[in-house]
Amino acid sequence: MGVGPSAKETSLHHIRDPLLDLISADVDIDLLGIILFGSSDKFSEKILASTRAAIWAQGMRADGAVVFCEGSGNNHVDFANLLNQLGKRNIAAAGLTVMGKNGQPVVNNDYMGDVIDICKSSGSVEPCLLGQNNLAVTDCRKALAMLKLKMRKADRERGN
Amino acid sequence: MADKNIDLGRLVIRAFNIKAVTWGDDNIVMPSGEMTISKKVLPDIISDMDAVESVDMRLIQPDEHDQFTNTILDIIPISTKALGAIGEGITHTLTGVCAMITAVDTDGKQCHEFGSTEGNLKEKVIFDRPGTPASGDVIISFDVILKSGMGQERKGPYQAHLICDRFLQIFREQMKGFDGKLCTERSEFHNIARPGKKRVVIIREVAGQGAMYDMQLFPHEPSGVEGGRSIIDMGNMPVFVTPNEYRDGILHSMQ
């Protein structure tokens, strides 16, 4: 498992990324920037890189994170760990990835419920259509709305 | 009450709309929207590439999508820095045209791992998505034949991407000198800090596992390859980029 043609993001996608456009335009959000890390083929490196990303976000004093994982299968090992590490640090997070219709994630934890499935194909197999299961504006709006709710809830719990 | 916004940097993108792409004697692009393509530089471009058997090019006009294609590695915008580094200054980009890379090896094995897009182009691409060509775009397709088995080794797809990058550099050098006043569209992007608002970071997990699972970061040119570093070679460890660096093409998807 990995990144299929329907989910892979082309170089063109990155310069027109709807997630960045949406969040950077939101006047209620102070966008700190983008952290990128690679999904290794080694378990120990998956855990290391995703944990370092969460520690970096904490160092930035982030209130929240929108986490996107390209692909599925073993890529969700890093993704799940990242969500877990963010959660442990009280950083609200909303996840976006391809899952659900193509089978449940290979790993799970307390924070995997806050993930939006961006899969748009109807079958249970990789459709091999370039662009089909890419991030769309609607997916990004859902994630940002979810994140805002979680950050508000965290504020309430802290008594702010 | 929230503090005042702080502008951390500006990026200007000038788009030049290309109206016609045709075959010609030389590779020339004009700010007025004419572009000619010639294959004669291809042998030179691949002369030092040991994983590449041959390369051909196709010009795919908007009404010519009904044709066979090998699996698609990437769709690439044609952009260059006219001033400053990626994420700041001025970028010149072409609209109405984009580059595409396809690859197969001499044994007929498509360069893919988790699903191939080989087949009829019009059925294999969902057009008009952020990552795919607009249905009215002209596609400059680089059809790479790799040596046997090289589609599954890192240097195979890397060299396929490099062919496209070296070819596009010919146009980028011309685009740097375009008169900005002739652009068809001008966009301005600012990295804005909004003190007092909710602090949010975007975290992206990208591919980092090998041949078709790689990401080139920090190239010399927007969405380029040359000068970049592979996220695999950087141990897949997190890196930080600004919003303007990201939208200016500091990433090249090596898939």
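The values are calculated or read from the model by the stated rules, or taken from the named source; none is laboratory data. For clarity, every value in this text was computed on a predicted model and none was experimentally measured. All Cβ positions, even for glycine, are placed from backbone atoms using ideal geometry, and neighbour counts span all protein chains on display. SASA here: full protein model, heavy atoms, side chains in, ligands and nucleic acids out. Shrake-Rupley method; radii C 1.70, N 1.55, O 1.52, S 1.80 Å.
Give the number of residues within region B:117-152 that are in a helix (DSSP H, G or I) and open to solvent by 40 Å² or more (accessible area, probe 1.4 Å).
5
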For this session: Scan region B:211-253 for residues that are more than 7 Å from chain A (Cβ to nearest Cβ), within 20 Å of A:Gly73 (Cα to Cα) and out of contact with any helix residue (DSSP H, G or I) (no Cβ under 6 Å at 6 or more places or on another chain) and report the count.
Result: 1
Seminar exercise, completed: Of those in region A:108-122 that are over 13 Å from the mean Cα position of the chain (by Cα) and open to solvent by 50 Å² or more (accessible area, probe 1.4 Å), the residue farthest from A:Asp63 (Cα to Cα) is A:Ser122
Problem set entry | Qualifying positions in region A:40-54 - modelled with pLDDT of 95 or more and among the hydroxyl-bearing types (Ser, Thr, Tyr) | A:Ser44, A:Ser50, A:Thr51
Seminar exercise, completed: Cβ pairs under 7 Å, 6+ apart or interchain, first in region B:52-64 and free of Cβ contacts under 8 Å to residues at least 12 places away in the same chain, second hydrophobic (A, V, I, L, M, F, W, C) and open to solvent by 70 Å² or more (accessible area, probe 1.4 Å), ordered by first then second residue, are none
Problem set entry | Looking only at region B:74-108, and only at residues there that are touching a helix residue (DSSP H, G or I) at 6+ places or on another chain (Cβ under 6 Å) and charged (D, E, K, R), the one that is nearest to A:Cys128 (Cα to Cα) | B:Asp74
For this session: Tell me, yes or no, whether region B:54-63 has at least one residue that is surrounded by fewer than 19 Cβ atoms within 10 Å (Cβ to Cβ) and of a type in the set (Asp, Glu).
Result: yes
For this session: Return the residue satisfying two criteria in turn: it lies in region A:74-98 and is outside any helix (DSSP H, G or I) and crowded, with 22+ Cβ neighbours inside 10 Å, and of such residues it is modelled with the lowest pLDDT.
Result: A:Val98
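For B:Ala99, state whether it is crowded, with 18+ Cβ neighbours inside 10 Å and either away from chain A (no Cβ under 14 Å) or within 30 Å of B:Glu188 (Cα to Cα) (or both).
Here the answer is yes, as B:Ala99 does meet what is asked.
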Problem set entry | B:Gly196 being within 8 Å of another protein chain (Cβ to nearest Cβ) and within 30 Å of B:Ser116 (Cβ to Cβ) | no
Exercise. Of (1) among the small types (Gly, Ala, Ser); (2) surrounded by 24 or more Cβ atoms within 10 Å (Cβ to Cβ); (3) not in a loop (DSSP other than H, G, I, E, B), A:Gly71 satisfies all except one. Which?
Worked result: (3)
For this session: Among the residues of region B:233-249, write down those that are surrounded by 21 or more Cβ atoms within 10 Å (Cβ to Cβ) and either among the aliphatic types (A, V, I, L, M) or on the phi < 0 side of the Ramachandran plot (or both).
Result: B:Pro238, B:Val241, B:Pro243, B:Asn244, B:Glu245, B:Tyr246, B:Arg247, B:Asp248
For this session: Consider only pairs whose beta carbons are under 6 Å apart and that are at least six residues apart or on different chains; among these, list those whose first residue lies in region A:44-67 and is more than 7 Å from every other protein chain (Cβ to nearest Cβ) and whose second residue is outside any helix (DSSP H, G or I) and crowded, with 18+ Cβ neighbours inside 10 Å.
Result: A:Lys46/A:Ser40
Problem set entry | Neighbours by Cβ (under 8 Å, 6+ apart or cross-chain): first from region B:5-17, farther than 14 Å from B:Pro222 by Cβ; second open to solvent by 30 Å² or more (accessible area, probe 1.4 Å) and charged (D, E, K, R) | B:Gly9/B:Glu88; B:Arg10/B:Glu88; B:Arg10/B:Glu188; B:Asn17/B:Glu185
Exercise. Which of the residues spanning region A:19-43 are under 16 Å from A:Asn81 (Cβ atoms), facing chain B (nearest Cβ under 7 Å) and open to solvent by 40 Å² or more (accessible area, probe 1.4 Å)?
Worked result: A:Asp41
